[in-house]
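Report on one structure; see the data block that follows.
The values are calculated or read from the model by the stated rules, or taken from the named source; none is laboratory data. The model shown is predicted, which means the values in this text are computed figures rather than measured ones. Here the Cβ positions follow ideal geometry from the backbone for every residue, glycine too, while neighbour counts run over all protein chains shown.
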Amino acid sequence: MNTQPTFKLTTTINGKPVDAEIETRTLLIDFLREHLGLTGTKRSCDMQVCGSCTVLVDGKPVSSCSILAYEVSDRDVLTIEGLAQKGELHPIQQSFLDEYGLQCGYCTPGMVLATLALLNENPNPNDSEIKSFLSGNLCRCTGYFPILNAVRRASERLAQEES
Amino acid sequence: MLKPFVIHEPRTPQQASELLNEYGWDATVYAGGTELLVVMKEGLASYAHLINIKTISDIHTIHLTDNDAALRIGAAVTHRAIETSSMIAAHAPLLIEMERSLANVRVRTMGTLAGNLCFAEPHSDPAAVCMAWPGASFELTSTDGVRQVLPDEFFIDLFMTARQENEIMTAIHLPLLPPGMGSAYHKFVLLERPSVSVAAFVSVAGTTIKSAHIAVGSVGPVPYRATAAENMLLGQTPGDEPYRAAAEAAASAADPVGDLYGSVEYKRQLIRVLTRQALQQASERAMGVERL
Amino acid sequence: MLNQKYGVGEKAPRVDGPSKVTGEAKFTADIRLANMLEARVLRSPFPHARIRSIDTSQAEALDGVVAILTGTDLSDIDPYFGHAVRDRPIVAIDAARFAGDPVAVVAAESAHIAAEALELIQIDYEELPAVTTIEAALADGAVRVHDTDALRLGLFHGLGDFKPHDNICYEHHMTRGDVEAVFAEADAIVEGEFRFPAVYQYALETHAATAIWHGADQLEMWANCQHPYLVRAELADMFDLPKANVRLHVPFIGGGFGSKSYTRMEPIAAAMARKAGRPVRVVNSVTESMWTSRRHNMICRMRTAARADGTLLARTAEMWLDTGAYADNGPRVVATAADAAPGPYRWTAYQIDAYGVYTHRSPSGSYRAFGATHLEWIGESQVDQVARKLGMDPLEIRVKNLLKPGEAVRTPGKPMDADLIGDIRKVAEGLEWDKPRPPGVGRGMGIGLLAAGSRPVSTAFARLESEGTVTVMVSTSELGQGARTAMSQIVSQELSIPLSQIRVPDGDTMVTPYDRSTGASRSTTLAGGAVHLAALDLKDQLIAIAASKWQVAGSDIILRDGRAWVGDQSATLSELLFYHFGFSGGELFGRGIVRPEQGQGTYAAGPVFWEVCVGGVEVEVDEETGRIHLRKIVSVADVGTAVNPAMIKGQEMGGAAQGLGNAIFEEMVFSDGQLLNGTMADYRVPKMDDIADEFVSYIVQNEDGPGPYGLKGVGEGILAAMPAAIVNALADIGIHLNELPATPERVWRAIQQSKNV
C-alpha cells in the first residue's frame, strides 16, 4: 500500500545503530515514537516553540517535531531513553528529582536534554544564561524556579564528578 | 501533516538551480527547514521536491573576503554556527547579539541565516539587521550566473523576495564596519517573534555623526529604512535630543497595521523607544573602543 | 531514596519521578494497541452553520481510510453529552455551533492518510448568523445558540433550579440584606466595569483518547481524563451500556489544570472505534485543544460601599461569563464565580447576579481556580480603591474586615474555616509591607475564597500482599500535582513502611474504586482521606493478627520501621501475613470510604473547605513600553497540615506562574468567532525568563482542614490571587486597569491616560 517516496535511513539512536526504510516525509519525532517505540520524546506545540520534543543530534538540541528523520542520517541521536546508563540516572536526571524540577513530567524529557546541551557547552552557567538557554522550553506546572534550581545543582554535581 | 516529497541532493549551486528549473513550482529550496517544514505541516504550502542545498559543499563556511574587508557567510551556515563563531565574534559581533536572541536554541541549531532571509517572514530579525548593514548584499546563484542583490532590492513583500524561482542564495556578504562606526540591534518581543525591531549603524568622527543607517523590522511586510531619521542625524552631535527627534521621524515613517502584536499607536511608540535606544547604543559603541 | 519511610510532613521524593526523568512514564498517546487506527477530526470553519449534507465518498475511496464518522452514524445511540447540560453531540448533527466544532472523523491506517482524507470530505454548509460575543448573545432578538426549551440536564448537573432561557445557559443569584438601603447610607462607594479574557489552560499534553470495543457491549479506553468515573458514566449512558462494561484507564496525565475535567475526546474515539470495528486513537493538536476547553471570558460590573472608618458594608456584582457553544462546566463556573464575588469579608448586604451565556465561540469549562480567578482581582481592586479613598492602608482595611474563623461566609454553607487575618499578615511580612517602596515599585496583595472540594465522595482500598508490599487502589488521576506521592506518604505514615514498598498504579475503573473527580483541590483531602482510612483499616487488621500471634492486647502493639512490635519482639508485615495465612500467600484489604454525612458532620455542608486564595507581589514597570517586571511573589499556602512541603511549594510556584500568565500575558483572541492566536507561537504563556526575581513561600499549618491530620487542599488559590495582587500593585504606582491581561500595550495606555488626567 505504501507508494510514497522512501529512503533508507542509517543512523545511531542512543548509541545503537539503526537502519530503516522509511517515507522521506517522516518527521524525526514520529520515527522515534511510532517506528522505534521511544515514546519518551513528547509532542506538544508541534512548531518548535515548546521544546517538549527536544532531542540531541550530535549533542545539539533540535525540535524533533519539525525536522525530518532524513536529517539524522549518519548522526548520533540522543533521546531521553538513552541518558541513564545501566539503570544509573544521569546527574541531570537526579538533580531534577532532588529539586522537584518536574510535576506532570511532560516537558521533562525535553527539559533534561536541553539542560544537557547547555551544560555540555557551558558547564557553569549563571542564572541569566540558564534562563536564556531554557526559555525555549515551556513548562506549565513548576513555575520554572525548581527547574532553575535543578540546573544549578546539576552543574555543581557534574563539576564535582569532574574533580 | 506533510504531503509526500522526494529530497534531491545537488552538489553544486548550478545543480540545485537545474533542479529548480526542472520542477518549477513543485520544488523548493530546503536547508534548515525550520520555517519550511512548519508551513508544510500546516498545509500552507506543499512541494513534491525539496532541493537540499546542504549537500552543496562550499556554502558551509564563514570567511573573510574582499581583502579581509568583508565577511562571506555561506548559505548553509546555521544561526547557531554564527552565534558561536570566533570569526564572527571578532569581526561582526552585532550578528552574535542578534543570533543569541533569535527564536530559541533549537531553531538556531537547524535554521540558517540565508534560509531566514529567503523565507522573508515579516518578523525576521536578520532581515532588519541586514537592511541596515552598510554595504550588505546577498549572493544569488543560478544556471544563469551569479548576482549580488542589495537587501532593499531583495525584500519585496511578505514571504516574497527578488530571488528568482531557479536561484538559490549562496552567501551573505557583510562588509566589516569601518573604525568609528558602531551598531546596535534592539527589539521588543512579547509573542514568539519580535513585535518591533530596530537595527542602527552610526559612525561618528570627533563629535559629529557622519552616517546613520536605521532599519525598522516587524512592523510592515518588509523592514524599512528610516531615511528621514538617518538624514536628520548627519552632522549632529550624538546625544539624547537628536536621537529622540530621529526616533520620532522613524516612528512617523512607519506604516504599521494593528494586529496581535499591538495597535498602530503602540507599534509607533515601540519604534520610538527602540530607535532611540539603538541609536544611543550604536553611537556609544562608535565612540568607544568596542567595534560593535 | 525511596527505600525509607516518608511520613506526613516530610519532603518525600516524587514516587513518579524516576519514570518521568527517564522517559518511561506512559501518557495516553504513548499507548499503541495492536491493529490500531489513527483518527483525525474535521472541524467547522464557521461559527454557526447548518450542515446540509456531507459527502464522504472521495475520502472513503482513499487507500488506507477505514471508516468515517458523521452525525448520521449516531442514530442508534444517544449522541449528546455534557455532565451539566446535555447539549453537545459527539459530532455535529444538525448544525455546527463554533468555528472548530467537530463535524466528521476519519479513522485510517496512519495519521497521514487520515489527514489527507479530511481534505476530501465535501460538506455543504449553510452559514447562519452567529452571536460571537457576550454582548451580541445578550442583545434583543439575538440568534439562539440552542433551543433552550429542548435542553436536557446532564447526569451530574448539581445545578438546583435549571431554567435556561434566551442565550442564558445558567444563572445564579445570592442576596443578603437590603443592598440599596446600605448603599444609600455609605460614605464611600466605588464602581466599575471589568473584563476578563478567554484563557487557554495549555496542559502541554493535548487531549487524547484511545478506544477499543470488545464485542458490541464492552468498551475499553485509555484517556487523559481528570474524572474517569464521570466520563465512564457519560459514555455508558450514551452507548446504553452498564457502567461496569466501560473500562477507562488513566495513564500519567501531562497537565490538566481543569482542561481535562469531564468528557472530552472520549466519545469521538469510542464512536469512531465502534464504527471502524478496530481500535482508534485520537490526539488533538494544540489548536484543537484550545477549541476543546478554555476559561470563560467575562464582563463584570461591581460596586462596593464602605463606611468612613473603613468598614466594608455592601457589594453588588453582575457578571456574564461566556460559556461558548456548549455549557460544559459553565454552570459550576458561574456559581463559583458568584461565590467568589463578595470576597472574604463581613458584609451587611450584597447582591450577586451571575449568568452563563451561550455564544458561538469554542466552549469554556474548568481552569484551575475558576470563578475565584475571575472575581478576586475585581473585588480586591475595589477594596484597595476604597482604602485609597479613605486614606487607609490596604493591609489595615483587610484586617479590619476579613472574616474570622467560625463566621458565616454565606448561607447555606460552611462557616469560615481558616485564619485569613493570619494569612494576609504573612503576605505583608513577605512583601516587607512596612518598608518604604523604592521609586517606581508597586506592591499589592489579594485575598479571596474558593469553594473547594466538589462532592465529598471518594473511595480507596489498599492491598497488603504477603511480601509486605501495599498497592493503593485509588482513582485520583496523577496530573503532576503529586497525588501518588501524597497517597504513598499517608500509607507510609500509617503502616510505617518505606515508599519502595508502596505502589500507586494508574487509575482503572475496572480495578481502582470510585472517586468523584480530580480537581477542585480535593485529592489529598478526600481521596487521601479514603486512603488514610484504608491504611488505618489495614493497620487494625495487622495489629489484630500480631495480637493473636503474641497473645497480647492490640493496644500493646505498635508499628515502627516496617515491623509490628510488642516490647522488643517484632515481626515484619510479611511474617505476620505468613502467620495469618499459614503459608506465603494471601493478602489483606484495607478499605476507606469518604462520603457526606447526613445532618451534622465534616462534609454535611459544602464546600468541603474554603480554599484561601492569597498572595502578594512587588512589580516595576517600564513606562515607555508598559512591560511589567515581577520583583517578588509572596505566596501563602494555608493547608492545615502539609503532607509534603516541597510539593506544596511546587504547587504554589506553578500556580503563581499560571496566575502571572492569566494576569499579564494570556488571552485567546477571537474575531467574528474565529480564534486568531491558535498556536503557541501566538498564544503567549510564561517562559523561564519571565519568572520573578524572588519567590517567598509560606506554608501555614493550623490543622484546620477537614482531611486527615487536619489537612486541606492547595494549588489553586495562588493562581486567583496573582491577578489581584498584580492589579493592585500597578494601582499602587498609579496604573489603573479594568481589563486583563495587563499586556504591555494596556499598561502603556493606562500610563498615557493617567498622564493626561
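Hey, can you tell me all the residues within the stretch C:474-522 that are charged (D, E, K, R) and over 22 Å from C:THR572 (Cα atoms)?
C:GLU478, C:ARG484, C:ASP506, C:ASP508, C:ASP515, C:ARG516, C:ARG522
Of the residues in the stretch C:65-96, how many are surrounded by 18 or more Cβ atoms within 10 Å (Cβ to Cβ) and farther than 22 Å from C:LEU235 by Cβ?
So the answer is 3.
Only one residue in C:ARG43, C:ARG50, C:ARG14, C:ARG32 is modelled with pLDDT of 95 or more, under 28 Å from A:VAL112 (Cβ atoms) and surrounded by fewer than 24 Cβ atoms within 10 Å (Cβ to Cβ). Which one?
It is C:ARG32.
Pick out the one residue from B:VAL39, B:VAL29 that is away from every other protein chain (no Cβ under 14 Å), more than 17 Å from the chain's Cα centre (by Cα), closer than 28 Å to A:THR54 by Cβ and not in a loop (DSSP other than H, G, I, E, B).
None of the other options fit; the residue is B:VAL29.
Does B:GLU35 meet the test of being of a type in the set (Asp, Glu) and in contact with a Phe, Trp or Tyr (Cβ under 8 Å, 6 or more places away or on another chain)?
Yes; evaluated as a whole, the condition is true for this residue.
Sort through C:LYS20, C:LYS26 and tell me the only one that's surrounded by fewer than 20 Cβ atoms within 10 Å (Cβ to Cβ), within 13 Å of chain A (Cβ to nearest Cβ), among the basic types (Lys, Arg) and in contact (Cβ under 8 Å) with a residue 24 or more places away in the chain.
Result: C:LYS26 is the single residue among C:LYS20, C:LYS26 that is surrounded by fewer than 20 Cβ atoms within 10 Å (Cβ to Cβ), within 13 Å of chain A (Cβ to nearest Cβ), among the basic types (Lys, Arg) and in contact (Cβ under 8 Å) with a residue 24 or more places away in the chain.
State whether the residues of the stretch A:26-47 include one that is in a strand (DSSP E or B) and outside the structural domain of A:ARG140 (by TED's automatic domain parsing).
Yes: one or more hits.
Just to check your reading of the model, which residue among A:VAL55, A:VAL62 is under 26 Å from C:ILE253 (Cα atoms), within 10 Å of the chain's Cα centre (by Cα), within 11 Å of chain C (Cβ to nearest Cβ) and buried (at least 22 other Cβ atoms within 10 Å of the Cβ)?
Every option except A:VAL55 fails the conditions.
What pairs come out if I take residues in the stretch C:664-677 that are crowded, with 19+ Cβ neighbours inside 10 Å and pair them with residues that are at pLDDT 95 or above and polar (S, T, N, Q) whose C-beta lies under 7 Å away, six or more apart or interchain?
Between residues of the stretch C:664-677 that are crowded, with 19+ Cβ neighbours inside 10 Å and residues that are at pLDDT 95 or above and polar (S, T, N, Q), the close pairs are C:ILE664/C:THR743; C:MET668/C:ASN677; C:PHE670/C:THR132; C:GLY673/C:THR132; C:LEU675/C:SER362.
Six or more apart or on different chains, Cβ atoms under 7 Å: show the pairs whose first residue is in the stretch C:360-374 and among the aromatic types (Phe, Trp, Tyr) and whose second is assigned to a loop (DSSP other than H, G, I, E, B).
As it stands, the answer is C:TYR367/C:GLN201; C:TYR367/C:PHE257; C:TYR367/C:GLY258; C:TYR367/C:SER259; C:PHE370/C:GLY258, since those pairs meet every condition given.
What tally of residues in the stretch C:313-351 results from selecting those that are buried (at least 24 other Cβ atoms within 10 Å of the Cβ), of a type in the set (S, T, N, Q) and over 19 Å from C:PHE98 (Cα atoms)?
Of the residues in the stretch C:313-351, 1 are buried (at least 24 other Cβ atoms within 10 Å of the Cβ), of a type in the set (S, T, N, Q) and over 19 Å from C:PHE98 (Cα atoms).
Could you grab me the full set of residues in the stretch A:89-145 that are under 18 Å from C:GLY654 (Cα atoms) and of a type in the set (Ser, Thr, Tyr)?
A:TYR100, A:TYR106, A:THR108, A:SER135, A:THR142, A:TYR144
Working carefully through the options C:ARG247, C:ARG278, find the one that is assigned by TED's automatic domain parsing to the domain that holds C:ARG43 and either under 23 Å from the mean Cα position of the chain (by Cα) or assigned to a strand (DSSP E or B) (or both).
None of the others qualify; the one that does is C:ARG247.
Give me the pairs, please: first residue somewhere in the stretch C:75-100 and at positive phi, second residue anywhere and assigned to a strand (DSSP E or B) and of a type outside the set (Asp, Glu), beta-carbon distance under 6 Å, and either six or more positions apart or on two chains.
C:GLY82/C:ARG88; C:GLY100/C:ARG43
Condition first: within 14 Å of chain A (Cβ to nearest Cβ) and either part of a strand (DSSP E or B) or among the hydrophobic types (A, V, I, L, M, F, W, C) (or both). Now tell me which residues in the stretch C:184-205 satisfy that.
Within the stretch C:184-205, the subset within 14 Å of chain A (Cβ to nearest Cβ) is C:199-205.
C:VAL199, C:ALA203, C:LEU204, listed by residue number.
Quick one: count up the residues across the stretch A:81-130 that are within 13 Å of chain B (Cβ to nearest Cβ), in a helix (DSSP H, G or I) and more than 17 Å from the chain's Cα centre (by Cα).
Counting residues in the stretch A:81-130 that are within 13 Å of chain B (Cβ to nearest Cβ), in a helix (DSSP H, G or I) and more than 17 Å from the chain's Cα centre (by Cα) gives 2.
Residues of the stretch A:1-12 being away from chain C (no Cβ under 13 Å) and aliphatic (A, V, I, L, M), which ones?
A:LEU9
Could you give every pair whose Cβ atoms fall below 9 Å, whose first residue belongs to the stretch C:104-124 and is without any contact (Cβ under 8 Å) to a residue 40 or more places away in the chain, and whose second residue is basic (Lys, Arg), counting only separations of at least 6 or pairs across chains?
Going by the 9 Å Cβ cut-off, the qualifying pairs are C:HIS112/A:ARG25; C:HIS112/B:LYS3.
What pairs come up if the first residue lies in the stretch A:140-156 and is in contact (Cβ under 8 Å) with a residue 60 or more places away in the chain, the second is buried (at least 24 other Cβ atoms within 10 Å of the Cβ) and not β-branched (Val, Ile, Thr), and their beta carbons are under 8 Å apart, counting only those six or more places apart or on different chains?
Taking only residues 6 or more apart or on different chains, the pairs are A:ALA154/A:SER95; A:ALA154/A:PHE96.
Would you mention how many residues in the stretch C:382-399 are part of a helix (DSSP H, G or I), out of contact with any strand residue (DSSP E or B) (no Cβ under 8 Å at 6 or more places or on another chain) and of a type outside the set (A, V, I, L, M, F, W, C)?
2
Give the stretch C:738-756 a look and list any residue that's of a type in the set (S, T, N, Q), surrounded by fewer than 21 Cβ atoms within 10 Å (Cβ to Cβ) and either under 19 Å from B:VAL264 (Cα atoms) or at pLDDT below 95 (or both), or say none.
Passing the criteria: C:GLN752, C:GLN753, C:SER754, C:ASN756.
Say we look at the stretch B:183-242 and pick out the residues that are within 14 Å of chain C (Cβ to nearest Cβ) and acidic (Asp, Glu); which of these is nearest to the chain's Cα centre (by Cα)?
Out of the qualifying residues, it is B:GLU192.
Considering the stretch A:14-51 alone, what residues qualify as being away from chain C (no Cβ under 13 Å) and surrounded by fewer than 22 Cβ atoms within 10 Å (Cβ to Cβ)?
Of everything in the stretch A:14-51, those that are away from chain C (no Cβ under 13 Å) and surrounded by fewer than 22 Cβ atoms within 10 Å (Cβ to Cβ) turn out to be A:GLY15, A:LYS16, A:PRO17, A:VAL18, A:ASP19, A:ALA20, A:GLU21.
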